[in-house]
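Working notes, beginning with the structure itself.
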Amino acid sequence: MPVYRYIDDFTSGDYYTLIRSIDPLGSGAPVSDAWFTVKASTADSDAMALINLHITTASGTPGGYLNAYPDGSAKMTFTVVPPVAERLQPVQTYYYDIAIAAASGERYTVEEGSLFTTRYVRHLLA
């Protein structure tokens with residue numbers, strides 16, 4: 001069963017970094033892939049997602065990185081860049097999930113929840 005959480009510090013148009021740790025899987029297989037998906041509705045398909053970041057253990061994966069450790073645990077870092085973050089409107093509620101895949105082919109949704117965007121206030125300095 002995935003953990004349910006709230007993200008309430010996401011600002012449209014800014015960089016956003018989400019870091020999560022995963023305990024070793026029961027099978028002992030290492031985590032090889034992870035996804036951070038944000039949708040306007042829980043009924044939306046993954047193809048309709050406003051944000052869909054896929055990271056792997058390969059270095060230089062766009063959107064973050066995934067460290068898989070020998071004990072089977074993993075640390076995931078998802079980085080949402082401003083052009084992608086701008087897909088979400090300020091002061092709105094969205095729905096997200098984090099899914100992982102193990103090298104053995106197992107797939108799990110490890111977290112889901114609500115994402116609340118903050119007010120977007122930008123002051124340009126002269």
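For segment 74-87, which positions are assigned to a strand (DSSP E or B) and either touching an Asp or Glu at 6+ places or on another chain (Cβ under 8 Å) or of a type in the set (G, A, S) (or both)?
Hit for segment 74-87 is A74, nothing else.
Within segment 45-68, restricting attention to residues that are part of a loop (DSSP other than H, G, I, E, B) and touching a residue at least 12 places away in the same chain (Cβ under 8 Å), which residue is surrounded by the fewest Cβ atoms within 10 Å (Cβ to Cβ)?
Step by step, filter segment 45-68, then rank; the result is T57.
Say we look at segment 1-33 and pick out the residues that are surrounded by fewer than 18 Cβ atoms within 10 Å (Cβ to Cβ), hydrophobic (A, V, I, L, M, F, W, C) and not in a loop (DSSP other than H, G, I, E, B); which of these is farthest from the chain's Cα centre (by Cα)?
Per the stated criteria, the residue is V3.
Look through segment 102-126, keep the residues that are over 14 Å from the mean Cα position of the chain (by Cα) and aliphatic (A, V, I, L, M), and return whichever of them is modelled with the lowest pLDDT.
My answer is A126.
Test D71 against the criterion of being part of a loop (DSSP other than H, G, I, E, B), at negative phi and of a type outside the set (F, W, Y), and give yes or no.
yes
Can you go through D9, D71, D14, D46 and tell me which one is farther than 20 Å from G113 by Cβ and of a type in the set (D, E, K, R)?
D71
Could you tell me how many of the residues in segment 53-81 are closer than 16 Å to Y96 by Cβ and out of contact with any Lys or Arg (no Cβ under 9 Å at 6 or more places or on another chain)?
Result for segment 53-81: 7.
Based on this model, can you work out whether V91 counts as in contact (Cβ under 8 Å) with a residue 40 or more places away in the chain and touching a strand residue (DSSP E or B) at 6+ places or on another chain (Cβ under 7 Å)?
Judged against the criteria, V91 is not a match.
Six or more apart or on different chains, Cβ under 9 Å: which pairs go from a residue in segment 1-25 that's within 22 Å of A101 (Cβ to Cβ) to one that's of a type in the set (K, R)? Could you list them?
I19/K75; R20/K75; S21/K75; I22/K75
From the residues in segment 34-44 that are crowded, with 19+ Cβ neighbours inside 10 Å and more than 15 Å from S73 (Cβ to Cβ), which one is nearest to the chain's Cα centre (by Cα)?
F36
Residue by residue, here is whether (1) hydrophobic (A, V, I, L, M, F, W, C); (2) within 17 Å of Y15 (Cα to Cα) holds:
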{"site": "N52", "(1), (2)": "no, yes"}
{"site": "T56", "(1), (2)": "no, no"}
{"site": "S59", "(1), (2)": "no, no"}
{"site": "K75", "(1), (2)": "no, no"}
{"site": "R87", "(1), (2)": "no, yes"}
{"site": "A99", "(1), (2)": "yes, no"}
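The values are calculated or read from the model by the stated rules, or taken from the named source; none is laboratory data. In this text the structure is predicted, and so the values were computed from the model without any measurement. Ideal geometry is used to build each Cβ from the backbone, glycine not excepted, and the neighbour counts take in all protein chains shown.
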